[in-house]
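Asker: Have a look at this one before I ask anything.
Nothing in this text is a laboratory measurement; each read-out follows from the coordinates by a stated rule. On a predicted model such as this, the values are computed, not experimentally measured, just so you know. In this analysis, Cβ positions are derived from the backbone assuming ideal geometry, glycine residues included, and neighbour counts consider all displayed protein chains.
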Amino acid sequence: MDALEKPLLRALSGEAVWPPPMWLMRQAGRYLPEYREVRAEAGGFIKLCTTPEMAAEVTLQPIRRYGMDGAILFSDILMVPWALGQPLRFAEGEGPQLEPLRDLAAVNALEVGAVRERCAPIFETVRLVRAALDAQHPRTALIGFAGSPFTVACYMVEGHGSRDFATTRQMAYADPALFGKLIRTLVESTTDYLLAQVEAGAEALMLFDSWAGLLPPAQFRRWVIEPTATIVRSLKRLHPSIPIIGFPRLAGPLIGEYTLRTGVNTVAMDTSMDPRFAATAVAPTVGLQGNLDPLVLIAGGAALELEARQILAAMRGRPFVFNLGHGIEKVTPPEHVAQLVRIVRTGG
Ligand code: 1CP
């Protein structure tokens, strides 16, 4: 199928496709028994991300099961720090653990030039998935992704997940030169990492800024909007038509300014965002994506139907991609995802 006929790419490029295309954040993962099988066979999570045949297989699992309109590359936002040489491990049940980065020597030690080579298996996964989609699922578009510099810096500085990433935010105030250097390193490596994904066959890109909403407005402009705008500008210079989705989670009323100033084509709404507010905050040609609560997908039944239909009603007539407001939870019953697909396919 011609790229311009894929429903997801049409919607991301500003067309009001109806029923809207859909995919789900973390659609590959531990709620699927077929994922758990491959995950066990791989041993470690990094091993899974860097073994192209396995990563391609888990990327395709939700496409086979549900016929989603988007396949998101199976990898993680922390593969960029890993490729920069920061020690990383995914301990079972603990989440990611990095060696905390706290000073200039540590920032200077990051190996920007090594990213392309170390991530070569990830780009090979992109090639394998794209070939499989072209052959077997020609309506499904391949989404590449990376974390945005601020969110990735949160994990690099803190060393692990956190509710408030206080160490990182303090560093940004106390030593903006140091934090700025880290952010610039991430802008450069993330741009390069995303360009390589496009060259390997990614048809759209998403930038995850999960912790953007922790920042007050001035800091949000400096560490979220500006670095994201720089990345988008560089990508568009080389690939003017690649659709880019931004996810400034919990940005609230700053969503309009974020969208306008970064130049993303589509903005992903988190669970707290009122879709009707978002529709007034961004231009009518900007796509919106989201934002079903992952918890109502666990509940299923009438509650799921009601919430999904409310989002569809609010988004009818504008460019829209149905998705969750955050990643799918691992206790989600797979049949509830099937129920959601049936609802969205009727267009509400
Ligand atoms: O053992 C396992 O199976 C590990 C669980 C897991 C999975 C399935 C992790 C560890 N990452 C992933 C895959 C992943 N992560 C994808 C794949 C594609 C898909 O969506 O199906 C994507 C897009 C991500 C993105 C990601 N990783 C984000 C941004 C989105 C979000 O959820 O806010 C973040 C913050 C991460 C970091 C990360 N990686 C893994 C975990 C458990 C976390 C969160 C850590 C924390 O804050 O505590």
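Asker: So how do 162, 13, 241 line up by other beta-carbon neighbours within 10 Å, fewest first? Before the final figure, lay out the partial values.
Answerer: On the way: 162 16, 13 19, 241 11.
Taking fewest neighbouring Cβ atoms as first place, the list is 241, 162, 13.
Asker: Kindly state, to the nearest 0.05, the FRET efficiency for residue 277 paired with residue 219, given R0 = 30 Å and r defined as their beta-carbon distance. Intermediate values should be presented prior to the final figure.
Answerer: Working: r = 22 Å, r/R0 = 0.75.
For R0 = 30 Å, the calculated efficiency reads 0.85.
Asker: Provide the packing ranking of 44-53, 271-280, 242-251, 142-151, i.e. peptides ordered by the mean count of other C-beta atoms within 10 Å per residue, highest first.
Answerer: Numbers: 44-53: 17.9, 271-280: 15.9, 242-251: 24.2, 142-151: 26.7.
Per-residue Cβ counts within 10 Å, averaged per peptide and sorted highest first, yield 142-151, 242-251, 44-53, 271-280.
Asker: How high is the relative contact order of the chain? Use alpha-carbon pairs under 8 Å, at least six apart in sequence, and give a whole percent.
Answerer: With pairs under 8 Å counted, the relative contact order is 22 percent.
Asker: Using Cβ counts within 10 Å as a stand-in for footprinting exposure, how do 155, 258 rank, fewest first? Intermediate results must be reported in sequence, preceding the final value.
Answerer: On the way: 155 28, 258 23.
Final ranking by Cβ density, sparse to dense: 258, 155.
Asker: For the chain, modelled as a Gaussian network with Cα springs under 10 Å, which listed residue fluctuates most, 117, 15, 158?
Answerer: Among 117, 15, 158, the largest GNM mean-square fluctuation belongs to 117.
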